[in-house]
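Encoded as structure tokens, the structure appears first; notes follow it.
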Amino acid sequence: MVPILLLGVPGAGKGTQAKRLVLRYNIPHLSTGDMFREMANSGSPLGVQVLADMRAGNLVSDATVCELVALRLQREDCRQGYILDGFPRTLAQAQWLQGFWASSLPLGGNPIVIYLTVGYNDLYRRLLGRRSCSQCGRIYNEFTQPPRQAGLCDLDQTPLVQRKDDDPAVIRERLSAYEEQTLPLVEFFRKQARLLEVSGTEPVDRVSEKIFATIENAGRENASRANAKGEPA
Ligand code: AP5
């Protein structure tokens, strides 16, 4: 597998789809949001700063993010591919990642960037209705994907929790950070012909099918280009 990057506005469904990609391709899911939530709970000085950034809907500094991702990507389990969810989010992070890929991936190992699109009207409903299991991380939605038993995870019956940044005022800040700092990455990756756009507005299963098909087509194209040049796919 080549690296898979999920790009999209908060609430587009990146986390939901990343969990399904893990099951299908058996590669690790690297969510910088999850890493920061863990760090924020640690109470360390850096954790306190990260918590303040997240509660305000701001992005964490590029230096902190890139250092964290660099450490994670060095782990053995990333050798056979990985899913990036929520990273990169600024041009500086994207350029850092480009450099990392250039030095670490074999020729022909073209990463795949899936740009998940959703209309802004759906986003508040998705973010305000989101609940997740504090035990297994499964994501639900009170409006669109409710659990079988109200407030409890279907898999382990753990009470569901709401993220502190899924609050109307913080959501507004997150969306404006996205527009100003992350949206330009769509053009950045489009120019490199890596960007594959998938509509995230259909039901979750249908979106997953489209993502799998897009990734598997791109994988076949990568392989045939590499074969034509006599390079490893
Ligand atoms: P992060 O945790 O990455 O949050 P985000 O990008 O704001 O994205 P979300 O997790 O809100 O949305 P999602 O696209 O994963 O949607 P989901 O699948 O959950 O980041 C949090 C914070 O950490 C940032 O604000 C920042 O402070 C910091 N941070 C993280 N990375 C950083 C970085 N690289 N640089 C700097 N700072 C960083 O789905 C949402 C809801 O919709 C769910 O309820 C789900 O059930 C529902 N849903 C999903 N798909 C569908 C569908 N097809 N139909 C109907 N409902 C659906």
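Bear in mind that the values in this text are calculations on the coordinates, not laboratory data. From a predicted model like this one, the values you see are computed outputs, not experimental measurements. Counting neighbours? That spans all protein chains shown, and the Cβs are built from the backbone with ideal geometry, glycine included.
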**Request:** Would you please state which residues of the stretch 127-143 a label at residue 157 would reach in this model, taking the label point 7 Å out along Cα→Cβ and a backbone N cut-off of under 20 Å?
**Result:** 132-140
**Request:** Pick out, from 192, 222, 181, the residue whose Cα sits farthest towards the positive end of the charge dipole of the stretch 178-223, with +1 on the Cβ of Lys and Arg and -1 on the Cβ of Asp and Glu.
**Result:** 222
**Message:** Please report the antiparallel percentage of DSSP beta bridges with both residues in the chain, rounded to the nearest 5.
**Reply:** 30
**Asked** To the nearest Å, what is the center-to-center distance of the stretch 170-197 and the stretch 1-21, using C-alpha atoms only?
**Response** 14
**Asked** Computed over the Cα atoms of the stretch 18-134, what is the convex hull's projected area averaged over all directions, in nm²?
**Response** 8.8
**Asked** Going toward the positive end of the dipole of the stretch 16-126, with +1 on Lys and Arg Cβ and -1 on Asp and Glu Cβ, which of 68, 39, 114 do you reach last?
**Response** 114
**Asked** Going from the alpha-carbon gyration tensor of the stretch 151-218, what semi-axes, largest first and in whole Å, does one get by taking the root of 5 times each eigenvalue?
**Response** 29, 23, 9
**Prompt:** Which value in deg cm²/dmol, rounded to the nearest 500, describes the helix-derived mean residue ellipticity at 222 nm for the chain, given -39,500 (n - 2.57) per DSSP H run of n ≥ 4 and division by the residue count?
**Reply:** -15500 deg cm²/dmol
**Prompt:** In nanometres, what is the gap between the two model label sites at residue 192 and residue 22, each 7 Å from Cα along Cα-to-Cβ?
**Reply:** 2.5
**Prompt:** What is the extension gain from residue 42 to residue 80, computed as 0.36 nm multiplied by their sequence separation minus the C-alpha to C-alpha distance, in nm to one decimal?
**Reply:** 10.7 nm
**Message:** Could you tell me the calculated FRET efficiency between residue 201 and residue 56, based on Cβ-Cβ distance and R0 = 25 angstrom, to the nearest 0.05?
**Reply:** 0.30
